1. Give the accessible surface of region 80-149 per residue, rounded to a whole number of Å², with probe radius 1.4 Å and ligands, DNA and RNA excluded.
2. Please work out the FRET efficiency for the pair residue 79 and residue 163, using the Cβ-Cβ distance as r and a Förster radius of 25 Å; give the result to the nearest 0.05.
3. Express in Å², to the nearest 10, the accessible area of residue 16 obtained by rolling a 1.4 Å probe over the protein heavy atoms while all chains stay in place.
4. Non-local amide H neighbours of residue 59 (under 5 Å, H modeled in plane, Pro and chain starts lacking H): which ones?
5. Which percent of the accessible heavy-atom area of region 1-143 goes to carbon and sulfur, probe 1.4 angstrom?
6. Could you give me the ³J(HN,Hα) list for region 130-143, computed from phi with Karplus coefficients 6.51, -1.76, 1.60 and θ = phi - 60°, whole Hz, x at Gly and Pro?
7. Multiplying the sequence separation of residue 29 and residue 145 by 0.36 nm and subtracting their Cα-Cα distance, what value in nm do you get?
8. Tell me, what is a quarter of the convex hull surface for the C-alpha atoms of region 40-105, in nm² with one decimal?
Amino acid sequence: MTAKYHLIFDPELRDELRELRTLAQADPNGPAAKQFEAVRVALSALREGREAEFAGERLGRSDNHPDLRDCAEIKIPVVEEFNRRGRPMGPSHRVTYREFEGPTESSLPVRQVVAFAPRKDGEIFNVTANRLGRSKGVALDELDHLPTVRPVTGPDKEPDRLVTPPRMPLPPGPSPGPQCAGRPTPTNQHPTNNDKSPTRNPTPHPKPRPIPEQVSPGG
């Protein structure tokens, strides 16, 4: 299919993908190979705009979670997980990403892939917040114009929940892609909820670092 977005990667994710590719090549039937294939599927979906096929959802914030209102996730099955009653728990992993305008009017919009990690214990959201320089309960003034979503799962989830992240202006920098802030303390679980009096970020983020160009998981 035709690419609808240009993908770039957080530096730590880029390194993880390279290591995963190496492990997959060394053991084509091992767990790393299964993860790597899942990543390939996820990246193709994001590049081609097929996030709705993978239960894509926009993220949010609350006083108990980091502010990820500019992010979204897609759900990727890697390993089978079951609850105490033996029922399947759904896709085991998530990929989180943000979306930006292209550097020129004729350019494809940019999607920054931030993290690939398990859903269990909110690891994917911890990793995402850590890489974007977000802290638990700290609302970002620059995201105040964005809506948030309620922290619910299952049948109580809103049927019209947004799928993709908001498209933000492309930040200035030496690279053609967005920039990634420093890394404060990791946070917990899925960020959502509407809050009337959110905590404000008391200090500026550390100086952002540029995200390097695309790395191809396919070699």
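1. For region 80-149, the solvent-accessible area averages 49 Å² per residue.
2. Result of the calculation: an efficiency of 0.55.
3. Only protein atoms counted, so the area is about 80 Å².
4. Here the answer is 71, 72, 73, since their amide H atoms fall under 5 Å of that of residue 59.
5. Using a 1.4 Å probe with all protein chains present, region 1-143 comes out at 47 percent carbon and sulfur.
6. Taking θ as phi minus 60°, the curve returns 4, 6, 9, x, 9, 10, 4, x, 9, 7, 8, 4, 6, 9 Hz for region 130-143.
7. Gain on extension, residue 29 to residue 145, equals 37.1 nm.
8. Its average projected convex-hull area is 6.5 nm².
The values are calculated or read from the model by the stated rules, or taken from the named source; none is laboratory data. Note that this is a predicted model, so its numbers are computed, not measured. Cβ: placed from backbone, ideal geometry, glycine included. Neighbour counts: every protein chain shown. Heavy atoms of the whole protein, side chains included, go into the accessibility calculation; ligands, DNA and RNA do not. Shrake-Rupley method; radii C 1.70, N 1.55, O 1.52, S 1.80 Å.
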